[in-house]
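Asks: After the structure tokens below, expect a handful of questions from me.
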Amino acid sequence: MILPVYLIGHPVLRKQAVEISMDHPGLSELIENMYETMYHDKGVGLAAPQIGESLRLFVIDTEAFLETDPETEQIKTAFINPIVEKEFGDDFVFNEGCLSIPDVHVDVMRKAEVIVTYTDENGKRKTRNFKGLAARVIQHEYDHLEGKIFTDKIPQIKKMVLKRKLNDIASGKHKPFYKSVIK
Ligand SMILES: [Zn+2]
């Protein structure tokens, strides 16, 4: 089932999400619906707060990057109760987008590599290293669990430029092609 995406301005995106129990009712269905929503809406990652559930869970699939960057490792997995152990390596800039901020793309600086401990959709707890665009998507989605949005990471002057666009999204004046929810 395709779920509506909560857009910038909605308070659920600013909450610190809570840990999720592995016997959370409907967990596997929730994960399935998040994948379906992410693919339909043309995202590469989707965090539970973005569908209105303030839970420590996100899904990613980096396949869409393969077209422009054949070096990308394809990672398709759910991250349940992830912990970012370490962010390291060079800083690099990438033009990010977010389903909660439709049609806005901004250069964001992040570290190149990340080590994450998480439980996947099969219930397996693991710790592993990710780099490149997979690391990028993971860091972006993890921020959602902390109530952070990528526009928090850009210089004040750029925020001023974007202000109008963000207001238009928050007020429902600018709508995405997919189902969405505003405050
Ligand atoms: Zn996002």
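The values are calculated or read from the model by the stated rules, or taken from the named source; none is laboratory data. This structure is a prediction, so every number in the text was calculated from the model and none was measured. Please note: Cβ atoms are built from the backbone with ideal geometry, for glycine as well, and neighbour counts cover all protein chains shown. Side chains included, ligands, DNA and RNA excluded: accessible areas come from the protein's heavy atoms. Shrake-Rupley method; radii C 1.70, N 1.55, O 1.52, S 1.80 Å.
Asks: Kindly provide the trypsin sites (Lys or Arg not before Pro) of the range 86-121 that DSSP labels as loop, not H, G, I, E or B, and whose Cβ sees at most 16 other Cβ atoms within 10 Å. Write down the numbers at each step before the final one.
Replies: Details: sites: 86, 110, 111; in loops: none.
Passing both the DSSP loop test and the Cβ count: no residue.
Asks: Report the residues of the range 1-38 in range of a label on residue 167: point 7 Å along Cα→C-beta, backbone N strictly under 20 Å from it.
Replies: 7-11
Asks: Any idea what the dipole of the chain comes to, in debye rounded to 20, about its Cα centre with Lys/Arg Cβ at +1 and Asp/Glu Cβ at -1?
Replies: Using only the charged Cβ atoms, the result is roughly 860 debye.
Asks: Have a look at 44, 16, 130 and report the one farthest towards the positive end of the charge dipole of the chain, computed about the Cα centre with Cβ charges (Lys/Arg +1, Asp/Glu -1).
Replies: Positive-most Cα among the choices belongs to 16.
Asks: Let me ask something else. Please identify every one of the trypsin sites (Lys or Arg not before Pro) in the range 118-167 that sits in a loop by DSSP and has no more than 13 other beta carbons within 10 Å of its own beta carbon.
Replies: Those that pass, being in a loop and sparsely packed, are 124.
Asks: Quick one: if the Förster radius is 25 Å, what FRET efficiency do residue 160 and residue 103 give, using the C-beta to C-beta distance and rounding to 0.05?
Replies: 0.85
Asks: Also, quick follow-up: Using 20 Å as the Cα-Cα cut-off, could you pick out the over-long pairs in 131/163; 111/148; 86/131?
Replies: Values: 131/163 32 Å; 111/148 16 Å; 86/131 12 Å.
Violating the 20 Å Cα-Cα cut-off are 131/163.
Asks: On to the next question. Let me make sure I get this right: for the chain, a, b and c are the square roots of the gyration tensor eigenvalues over alpha carbons, sorted descending. Under 1.5 in a/c it's rounded, otherwise prolate if a/b > b/c, else oblate. Which is it?
Replies: Values: a/c = 1.55, a/b = 1.14, b/c = 1.36.
Oblate.
Asks: Here's another thing I want to ask about it. Specify which residue in the list 65, 105, 144 is farthest towards the positive end of the charge dipole of the range 49-147, using unit charges on the beta carbon of Lys, Arg (+1) and Asp, Glu (-1), about the Cα centre.
Replies: It is 144.
Asks: Pairs of alpha-carbon atoms within less than 8 angstrom and 6+ residues apart define the contacts here; what relative contact order does the chain have, in percent?
Replies: Over the chain, the number comes to 28 percent.
Asks: Lys/Arg Cβ at +1, Asp/Glu Cβ at -1, dipole of the range 1-88 taken about the Cα centre: which of 83, 28, 7 is farthest positive-ward?
Replies: About the Cα centre, the residue reaching furthest to the positive side is 7.
Asks: Show that you can apply the helix-only estimate: for the chain, add -39,500 (n - 2.57) for every DSSP H stretch of four or more residues, divide by all residues, and state [θ] at 222 nm to the nearest 500. Walk me through the intermediate numbers first.
Replies: Numbers: 3 runs with 43 residues, N = 183.
-7500 deg cm²/dmol, from helical runs alone.
Asks: If you take every residue apart from residue 155 with its C-beta less than 14 Å away from the C-beta of residue 155, what net charge results, scoring Lys and Arg +1 and Asp and Glu -1?
Replies: Around residue 155, the surrounding residues sum to +2.
Asks: Now for a different question. How much length, in nm to one decimal, is gained on full extension between residue 2 and residue 117, taken as 0.36 nm per residue of separation minus their Cα-Cα distance?
Replies: The residue 2-residue 117 span can extend by a further 38.6 nm.
Asks: Right, next: Please identify every one of the trypsin sites (Lys or Arg not before Pro) in the range 2-84 that sits in a loop by DSSP and has no more than 14 other beta carbons within 10 Å of its own beta carbon. Walk me through the intermediate numbers first.
Replies: Details: sites: 14, 15, 42, 56, 76; in loops: 15, 42, 56.
Here the sparse-neighbourhood loop sites are 15, 42.
Asks: Quick one: pull the percent of accessible area on the range 5-181 belonging to carbon and sulfur, 1.4 Å probe, ligands and nucleic acids left out.
Replies: Roughly 50 percent of what the probe reaches on the range 5-181 is carbon or sulfur.
Asks: Between the range 10-57 and the range 74-121, what's the alpha-carbon centroid distance in Å?
Replies: 15
Asks: Okay, moving on. Of the cross-linked pairs 15/173; 76/179; 124/158; 124/183; 42/159, which ones have a Cα-Cα span greater than 32 Å in the structure shown?
Replies: 124/158; 124/183, as the Cα separations exceed 32 Å there.
Asks: Hey, another quick one. Per residue, how much accessible area does the chain show when a 1.4 Å probe rolls over the protein heavy atoms, in square angstrom?
Replies: Value returned for the chain: 52 Å² of accessible area per residue.
Asks: So if R0 is 30 Å, what FRET efficiency would residue 67 and residue 175 give, r being the distance between their Cβ atoms, rounded to the nearest 0.05? Walk me through the intermediate numbers first.
Replies: Values: r = 27 Å, r/R0 = 0.89.
With a Förster radius of 30 Å, E is 0.65.
Asks: Then there's this: Taking the chain as a Gaussian network, where each spring joins two C-alpha atoms under 10 Å apart, which residue of 140, 105, 24 fluctuates the most?
Replies: For the chain, modelled as a Gaussian network with Cα springs under 10 Å, the answer is 24.
Asks: Between residue 16 and residue 182, how many nm apart are label points set 7 Å from Cα along the C-beta direction?
Replies: 3.0
Asks: Pick from 101, 157, 83 the residue whose mean-square fluctuation is largest in a GNM of the chain, springs joining Cα atoms under 10 Å.
Replies: 157
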